[in-house]
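Only one structure is covered here, and it is reproduced in the block below.
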Amino acid sequence: MARIAVYSLKGGVGKTTLAVNLAWCSATQSARRTLLWDLDPQAASTYLLGVAPKAKRKAQAVFTRDLDPTDLIQQTDIAQLDLIPADTSLRALDRLFHELDKKKRLAKLLERLDGDYDRLLLDCPPGLTETSEQVMRAADIILIPVIPSPLSQRAFEEVSAYFAGRGFKAALMPVHSMVDRRRKLHGEAIARHPDWPVIPMASIVESMSAQRRPVGAFAARSTGARAFAALWQAVERQLADRGVG
């Protein structure tokens, strides 16, 4: 099971949009058995996929109790795409990881899912936290959305330096997100990193929150849908190059 995390030091950069659309591409276009695990207490992925968490199941419980992660899995309306939903109990997850002092707790839980799925995507909360450390240890590839702006670029550089200093084995994959090519600043940023995948700023992408579906499910021929599909193919190539999955 290949493990793909979508992570950012900053919020509001299109992280959840990437996670949901790539999970859809994995399940629908690559026909992979796919699981999306929503680790963000804002539960945006859970909302966008139209899933209501089970009232008696708290998302944090899997980390503290002898609870198998499969007990939290819920089906979505998309064939071959399942979800572990988030809820507000995850707000205390960083403190919990610190108290547990088990650096590979998430990685151990993911091992229980091996064989059930081909691709796992993690929608991570923003920030350099105990949770992000767990994710960095567990993932094969970490996608980092970067808005073409100095602050977002600086945040990516901070994460890269931190990542290199810790010796994690995952591959970092920056993605230019929310790009408006009419803006000079955006054009200059893309020119500096022409090899980074590009996800455009588009009204069709923004309408996901109203549709509560991935872009490819309701606007398959749109520029946004094509961009997500191209990004997913790049992820698959990266996995193949690393001999994963």
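The values are calculated or read from the model by the stated rules, or taken from the named source; none is laboratory data. Keep in mind it's a predicted model, so treat the numbers as computed, not measured. A quick note on method: Cβ atoms are made from the backbone with ideal geometry, for glycine too, and the neighbour counts reach across all protein chains shown. What goes into the accessible areas is simple: the full protein's heavy atoms, side chains included, and nothing from ligands, DNA or RNA. Shrake-Rupley method; radii C 1.70, N 1.55, O 1.52, S 1.80 Å.
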Q: Considering only the stretch 1-17, state which residues are outside any loop (DSSP other than H, G, I, E, B) and open to solvent by 10 Å² or more (accessible area, probe 1.4 Å).
A: R3, K15, T16, T17
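Each row is one residue, and each column tells you yes or no for (1) in contact with a Cys (Cβ under 9 Å, 6 or more places away or on another chain); (2) under 21 Å from L81 (Cα atoms); (3) open to solvent by 20 Å² or more (accessible area, probe 1.4 Å); (4) not acidic (D, E).
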residue: E158; (1), (2), (3), (4): no, no, yes, no
residue: P194; (1), (2), (3), (4): no, no, yes, yes
residue: M208; (1), (2), (3), (4): no, yes, no, yes
residue: F218; (1), (2), (3), (4): no, yes, yes, yes
residue: Q233; (1), (2), (3), (4): yes, yes, yes, yes
Q.
Condition first: closer than 21 Å to A44 by Cβ and open to solvent by less than 60 Å² (accessible area, probe 1.4 Å). Can you find one or more residues in the stretch 182-192 that meet it?
A. no
Q) Conditions: (1) without any contact (Cβ under 8 Å) to a residue 40 or more places away in the chain; (2) open to solvent by less than 10 Å² (accessible area, probe 1.4 Å). P53 meets all but one. Number of the miss? A) (2)
Q) If you scan the stretch 56-85, which residues turn out to be open to solvent by 40 Å² or more (accessible area, probe 1.4 Å), at pLDDT below 85 and part of a loop (DSSP other than H, G, I, E, B)? A) K56, R57, K58, R65, D66
Q. V20 fails exactly one of the following numbered conditions: (1) outside any loop (DSSP other than H, G, I, E, B); (2) at pLDDT below 95; (3) under 17 Å from the mean Cα position of the chain (by Cα). What is the number of that condition?
A. (2)
Q: Within the stretch 155-172, work out how many residues are farther than 18 Å from D195 by Cα, assigned to a helix (DSSP H, G or I) and out of contact with any Lys or Arg (no Cβ under 6 Å at 6 or more places or on another chain).
A: 8
